[in-house]
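*Asks:* The structure's right below; bear with me while I get my questions together.
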Amino acid sequence: VGSEVSMRGAIVQMAIGASLLSSTSLFVVYAHVAPTVSGFYRMLFGGGMLLAWVVMSGRWRAIAWRDLSLLVLPAIGFAADLIQWHRSILWVGPGVATLLTNFQVFLMALVGLVFYRERPARWFVPGMLLATMGLWLLVGAHWSMFDAQHRWGVWLGLGSGVAYTVYLLSFRHALKAYPHLSPAQFLGLMSLLCALLLWLWGHGEGDAFALPDARSWSALLALGFFGQVLAWLLMVRAMPRLPTSLVGLLLLLQPALAFVLDVILLGRPTG
C-alpha cells in the first residue's frame, strides 16, 4: 500500500511540474531577447534561486569532484536543448516548438525498453503512430509553403527533443547515483553550469546579454522561477520513483498545455 501511495504522489508531482513547464515557452516570447540569452537567464536566475533556498533552509551538503563530474552531461544536454528549442519557439511558435521537443517521450520509452528492460504499455505503438500523424498534419502537410526559417525551426525543435532526452536520462541517473545530495542542490549547481555553457555559446554568437527593459526582467525572472525552480523541484523528486516510460508520458502535459496557451494567449491560427 505504501509503495502505491508513493507512486501516486510521484505521478501527481510530475503532472503538476509538467503543467508548470508549459508556461516557459510563453516567457521566452515575452522576454524579447535572443534565444541563447533567454536560456542563459533562465539557468542563472533559476540556479541562483535554488541554491539560495538550499542554503537558507540548511540543506546544503559538501560536494566532491565526483559530484561535480555528474553535472557535466546533464548541463551539456540541457544547454543543447535550450539553444535549439528557444530558436524553434521564436521561428515556429511556442505551441508547435514544445510539441516537437516533447517527441522525447518516444525516445525515453525506447531507451527504457533497450537499456532498462521496461516493457512498453499497449499504448506505445498506436500512440507513436498517432503522434507521428499529428506531427505531419502540423508541420509536414504544408512543408512546401513554409519559408527556410520555419523549416529550420521544425528541425531544431526535433533536435532539442534528442538533447532533452540526454538531459532527462543523465539527470535521472545522477540523482540515483548520489542520493546524499538533495535534488534542489544538484539542480541548482547543474543550472549554473548550464548557464556558463550558454554564456560561452552566446558570446561566440555575438549576443548582447544586457536586458533592455522591465518587461524582459520580469519575463526572465518568471521563466527562472516557474521553469527552473518550482516545476523541476517537483519533477526531480518524482523522477527516481517512476519508470522511464511513465516520466516521458507525463511530460506530454507540457506540449499539450503549451499549444492551448499559444492559441489562447498568442492567437495562433488553428483550424
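*Asks:* With respect to the numbered conditions (1) assigned to a helix (DSSP H, G or I); (2) at pLDDT below 90, which one is the sole condition not fulfilled by ARG268?
*Replies:* Failing condition for ARG268: (1).
*Asks:* Further, regarding this structure: Being free of Cβ contacts under 8 Å to residues at least 12 places away in the same chain and in a loop (DSSP other than H, G, I, E, B) is the filter; apply it to the stretch 189-212 and report the residue that is farthest from VAL33 (Cα to Cα).
*Replies:* Step by step, filter the stretch 189-212, then rank; the result is GLY206.
*Asks:* Just one of the numbered conditions (1) modelled with pLDDT under 85; (2) buried (at least 17 other Cβ atoms within 10 Å of the Cβ) is not true of LEU192; which one?
*Replies:* Going through the list (1) modelled with pLDDT under 85; (2) buried (at least 17 other Cβ atoms within 10 Å of the Cβ), LEU192 breaks only (1).
*Asks:* Hey, among the residues in the stretch 169-183 that are part of a loop (DSSP other than H, G, I, E, B) and touching a helix residue (DSSP H, G or I) at 6+ places or on another chain (Cβ under 7 Å), which one's most open to solvent (accessible area, probe 1.4 Å)?
*Replies:* Once the filter is applied, the top-ranked residue is TYR178.
*Asks:* Could you pull out the residue among LEU261, LEU251 that is at pLDDT below 85 and more than 14 Å from the chain's Cα centre (by Cα)?
*Replies:* LEU261
*Asks:* Let me ask something additional. Give the residues of the stretch 9-26 that are of a type in the set (Ser, Thr, Tyr) and assigned to a helix (DSSP H, G or I), sorted by residue number.
*Replies:* Result: SER19, THR24, SER25.
*Asks:* Among the residues of the stretch 227-240, are any modelled with pLDDT of 85 or more, part of a loop (DSSP other than H, G, I, E, B) and under 22 Å from VAL37 (Cα atoms)?
*Replies:* Within the stretch 227-240, not a single residue is modelled with pLDDT of 85 or more, part of a loop (DSSP other than H, G, I, E, B) and under 22 Å from VAL37 (Cα atoms).
*Asks:* Test of understanding: among LEU70, LEU100, LEU50, LEU82, which residue is farther than 19 Å from LEU252 by Cβ, part of a helix (DSSP H, G or I) and either acidic (Asp, Glu) or modelled with pLDDT under 90 (or both)?
*Replies:* When all the criteria are applied, what remains is LEU70.
*Asks:* Can you give me the number of residues within the stretch 215-271 that are of a type in the set (Ser, Thr, Tyr) and surrounded by fewer than 17 Cβ atoms within 10 Å (Cβ to Cβ)?
*Replies:* Residues that pass the stated criteria total 2.
*Asks:* Scan the stretch 87-96 and give yes if some residue there is of a type outside the set (Asp, Glu), assigned to a loop (DSSP other than H, G, I, E, B), open to solvent by 50 Å² or more (accessible area, probe 1.4 Å) and in contact (Cβ under 8 Å) with a residue 24 or more places away in the chain, otherwise no.
*Replies:* No - not one qualifying residue is present in the stretch 87-96.
*Asks:* Hey, another quick one. Name the one entry in PHE115, PHE146, PHE186, PHE103 that is buried (at least 22 other Cβ atoms within 10 Å of the Cβ) and free of Cβ contacts under 8 Å to residues at least 60 places away in the same chain.
*Replies:* PHE103
*Asks:* Which number in (1) among the small types (Gly, Ala, Ser); (2) surrounded by fewer than 24 Cβ atoms within 10 Å (Cβ to Cβ); (3) within 19 Å of PHE259 (Cβ to Cβ) marks the one condition that SER57 misses?
*Replies:* Unmet for SER57, out of (1) among the small types (Gly, Ala, Ser); (2) surrounded by fewer than 24 Cβ atoms within 10 Å (Cβ to Cβ); (3) within 19 Å of PHE259 (Cβ to Cβ): (3).
*Asks:* When you scan the stretch 250-271, how many residues do you find that are without any contact (Cβ under 8 Å) to a residue 60 or more places away in the chain and of a type in the set (S, T, N, Q)?
*Replies:* 1
*Asks:* From VAL162, VAL166, VAL154, VAL139, which residue is at pLDDT below 80 and either surrounded by fewer than 17 Cβ atoms within 10 Å (Cβ to Cβ) or assigned to a helix (DSSP H, G or I) (or both)?
*Replies:* Unique residue meeting the criteria: VAL139.
*Asks:* Here are some conditions: (1) modelled with pLDDT of 80 or more; (2) over 21 Å from LEU99 (Cβ atoms). ASP147 meets all but one. Which one does it not meet?
*Replies:* Answer for ASP147: the failing condition is (2).
*Asks:* Given PHE40, PHE78, which one is in contact with a Leu (Cβ under 8 Å, 6 or more places away or on another chain) and within 29 Å of SER25 (Cα to Cα)?
*Replies:* Within the list PHE40, PHE78, the selection yields PHE40.
The values are calculated or read from the model by the stated rules, or taken from the named source; none is laboratory data. Everything numeric in this text was worked out from a predicted model, so none of it was measured. All Cβ positions, even for glycine, are placed from backbone atoms using ideal geometry, and neighbour counts span all protein chains on display. Heads up: the accessible areas ignore ligands, DNA and RNA and are worked out on the full protein's heavy atoms, side chains in. Shrake-Rupley method; radii C 1.70, N 1.55, O 1.52, S 1.80 Å.
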